[in-house]
Amino acid sequence: MPNAKLQSYLHFHVIVFIWGFTAVLGALISIDALPLVFYRMWLASGFIFLWILYKKKPLRMTAKQLLILASAGIVIALHWLTFFEAIKVSNVSITLALIATGAFFTSIMEPIFYKRKVIWYEVFFGVLVIAGLYIIFNVETDYVLGIILALISAFLSAVFSLINGKLAQKGDASVISFYELLIGVIVITIYLGFDTFIGEASAGFTSEFFQLSNQDWLLLLVLASVCTAYAFIASVAVMKYLSPYTIMLTINLEPVYGIILAFFIFGSKEEMNPEFYYGALIILSTVVLNGILKNKDGIGRFAKRRKMR
């Protein structure tokens, strides 16, 4: 068992590293955010479907479950759209630093969603997060749109985790993910199809939409298979050997891994003002401290919920 725990711990670090690499892939892929998410969701749902067939898992869901899954699928699609668009209009460092506020949004909504009392330190950490955001907004005025999109993406991530927290208690995680991804991409397909008929010549399913370079196809396949399908399925497998506290601390390394990777890959494009790193450090510190206190109080629910990035 000790060896299994150690292997799971190291494996989970690899998974979190892969999640951090997702943002870098989003910057490397040359297509816009909408087709990027479209292709990612179609491919990832296909890979997870093959896994479900291999494991012979039942796909049956009730109408009520499908309705909830549809809402979760739309939320995750919007989360990814704003996430990758934030990267396109700013950079990886800005996006990942602001995505860390998802834990803050979760702590605000969780008392309402799960009908529990507000905890004093969550209010205190909320003030610190706002201070960190204020510093970043003040010094990175060229990236205001990216900051706003990243904050919206973080909020949607929190909403998704709260919805999934209840879904995961009643169904198989891979089957749930399959339906969420499939429904999400069907909604995007309907939108693009509608836009094709009533939009401008450059909107919707145009010939350019399907003209991807070989490099983009390769990166999309990596994004959908390794960073989405594999990372999710593997994370579910290793989490049964790890404590919520360990999971929470490890997940918080995602923006750190991503920012370091982006710096080495993109160089000066990822260099920010020193004040940006002060603000990012404040935000990341509140996430870590919040998780430590939650673990001591025996709450830690957000750390148990699976994550999709």
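Among 280-288, 60-68, the peptide with the highest mean count of other Cβ atoms within 10 Å heads the list, and the full ranking is 280-288, 60-68.
Can you give me the convex hull volume of the Cα atoms of the range 1-97, divided per residue and expressed in Å³? Walk me through the intermediate numbers first.
Values: hull volume 14.7 nm³, N = 97.
So the per-residue hull volume is 152 Å³.
Across all Cα pairs in the chain, the calculated P(r) in 10 Å bins from zero up to the longest distance comes to 6, 26, 36, 24, 7, 1, 0 percent per bin.
Spin-label pair K64-L145: with each label point 7 Å from Cα along the Cα-Cβ axis, the two points sit 4.4 nm from one another.
In terms of packing, defined here as the mean over residues of other Cβ atoms within 10 angstrom, the peptides 180-186, 105-111 line up highest first as 180-186, 105-111. Expressed in units of 2.2 N^0.38 Å, where N is the residue count, the Cα radius of gyration of the range 67-143 is 1.31.
Helical content alone sets the calculated 222 nm signal of the chain at -25500 deg cm²/dmol, taking -39,500 (n - 2.57) per DSSP H segment of four or more residues and averaging over every residue. Note on the chain: with a GNM built from Cα contacts shorter than 10 Å, the maximum mean-square fluctuation among A97, A154, A131 falls on A131.
None of the figures in this text is laboratory data; all of them are computed from the coordinates on show. For clarity, every value in this text was computed on a predicted model and none was experimentally measured. Glycine gets a Cβ as well: all are built from the backbone with ideal geometry, and neighbour counts include every protein chain shown.
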